[in-house]
Structure formats: C-alpha cells, structure tokens
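Since the structure comes first, as structure tokens, the remarks are kept for the end.
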Amino acid sequence: QVQLVESGGGLVQAGGSLSVSCAASERTFSSYNVGWFRQAPGKEREFVAGIWRSGGSTYYADSVKGRFTISRDNAKNTVYLQMSSLKPEDTAVYYCAAGMGLVGDRASWYDYWGQGTQVTVSS
C-alpha cells in the first residue's frame, strides 16, 4: 500500500502562484507513475498533469498547459505541481495519484490516491 499525502494548498489571488506537493511513504515510489487530478464542487474529477516514473515525460491537460509544471524528486519520494498564472476556475481540491501503468487522464490507470489539498483562487 502506497500512502500519498498532499500539502501546500491554500488561498491565492488570481494571477498568483502556488506549489503543492505529494509525499509518498514508500521507498519504491520511484517505480510509480504519478498524476495530479482536481475536483471542484459539483464537477467531475479531471486530470491535470502526469509524470512518468523517471521524470523524463510529462503530460498536461490543455486547461493548464503552459501554466502548471509537474516534477518529481524520487530521492525524497515527492512529486510537485507548480502552478502559476492561477485563475478562479483553478479552484478545486487537488489530488495526487500513483500507479504502475500508463500516465494519462484516466483515473482508472492509477491505483493509489491521496486525501487532497484545497486550492482556492480568489478573483
């Protein structure tokens, strides 16, 4: 069982920046591909960004491309999501997920999920 814990969420003004992290209590975390998803109230969970286990390949939803950057530090068993030029529509609970399969926008491809961290972007 891989335990994932998100942190770093908070309140930020539109146009600002915020970074969230996902820490794993697993020494083999480097073997897992990781994705970030988000869910706003009343809306479906959506894919935000993903990163291959090596960190060499990344994927982004069109809505965040050019604004968000996903990265990982396997030595720290941590994946990061750097968010800039934030918009009110980015407001959501952000979840990290890990899996041994494909990286992409399908939640079923991931086996483990964190509890989420709230990101609120004010107008």
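The values are calculated or read from the model by the stated rules, or taken from the named source; none is laboratory data. Here the structure is a predicted model, which means the values were calculated and not measured. Cβ sites come from the backbone with ideal geometry, for glycine too, and all protein chains shown count toward neighbours. The protein model used for the area step is the full one, side chains on, heavy atoms only, and it has no ligands, DNA or RNA in it. Shrake-Rupley method; radii C 1.70, N 1.55, O 1.52, S 1.80 Å.
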Practice task
Mind listing just one residue for me: the one in the stretch 59-82 that is part of a strand (DSSP E or B) and more than 20 Å from GLY15 (Cβ to Cβ) and, of those, most open to solvent (accessible area, probe 1.4 Å)?
Solution key: TYR59
Fill in the blank from the handout: A careful count of residues in the stretch 88-112 that are in a loop (DSSP other than H, G, I, E, B) and either hydrophobic (A, V, I, L, M, F, W, C) or at pLDDT below 95 (or both) gives 9
Exercise for the section: Name, by its number, the condition in (1) out of contact with any strand residue (DSSP E or B) (no Cβ under 9 Å at 6 or more places or on another chain); (2) surrounded by fewer than 14 Cβ atoms within 10 Å (Cβ to Cβ) that does not hold for PRO41. Expected result: (1)
Handout entry: Conditions (1) crowded, with 18+ Cβ neighbours inside 10 Å; (2) over 17 Å from VAL103 (Cβ atoms); (3) of a type in the set (S, T, N, Q); number of the one not met by SER17
Key = (1)
Completion exercise
Going through the stretch 100-116 in order, the residues found to be within 20 Å of SER7 (Cα to Cα), under 12 Å from the mean Cα position of the chain (by Cα) and open to solvent by 30 Å² or more (accessible area, probe 1.4 Å) are TRP113, GLN115
Fill in the blank from the handout: Subset of the stretch 4-58, residues under 15 Å from the mean Cα position of the chain (by Cα) and in a loop (DSSP other than H, G, I, E, B), comes to GLY8, GLY9, SER17, TYR32, ALA40, ARG45, TRP52, ARG53, GLY55, SER57
Fill in the blank from the handout: In the stretch 74-99, residues that are closer than 13 Å to VAL5 by Cα and in contact with a Leu (Cβ under 8 Å, 6 or more places away or on another chain) total 4
Exercise for the section: Could you give me the residue pairs with C-beta distances under 8 Å whose first residue belongs to the stretch 78-102 and is in contact (Cβ under 8 Å) with a residue 12 or more places away in the chain and on the phi < 0 side of the Ramachandran plot, whose second residue is assigned to a loop (DSSP other than H, G, I, E, B) and of a type in the set (Val, Ile, Thr) wherever it lies, and which are 6+ apart or on separate chains? Expected result: MET83/VAL64; ASP90/VAL64; ALA98/VAL2
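Quick one: would you say VAL34 is of a type in the set (Val, Ile, Thr) and either farther than 21 Å from ASP90 by Cβ or open to solvent by 70 Å² or more (accessible area, probe 1.4 Å) (or both)? Even if it seems obvious, please write down each step before you answer.
Working: of a type in the set (Val, Ile, Thr): yes; either farther than 21 Å from ASP90 by Cβ or open to solvent by 70 Å² or more (accessible area, probe 1.4 Å) (or both): no.
No.
Only one residue in SER54, SER85, SER123 is open to solvent by 50 Å² or more (accessible area, probe 1.4 Å), modelled with pLDDT under 95 and farther than 16 Å from TYR32 by Cα, so which one is that? Break it down stepwise before answering.
On the way: SER54 fails: farther than 16 Å from TYR32 by Cα; SER85 fails: modelled with pLDDT under 95.
On inspection, the qualifying residue turns out to be SER123.
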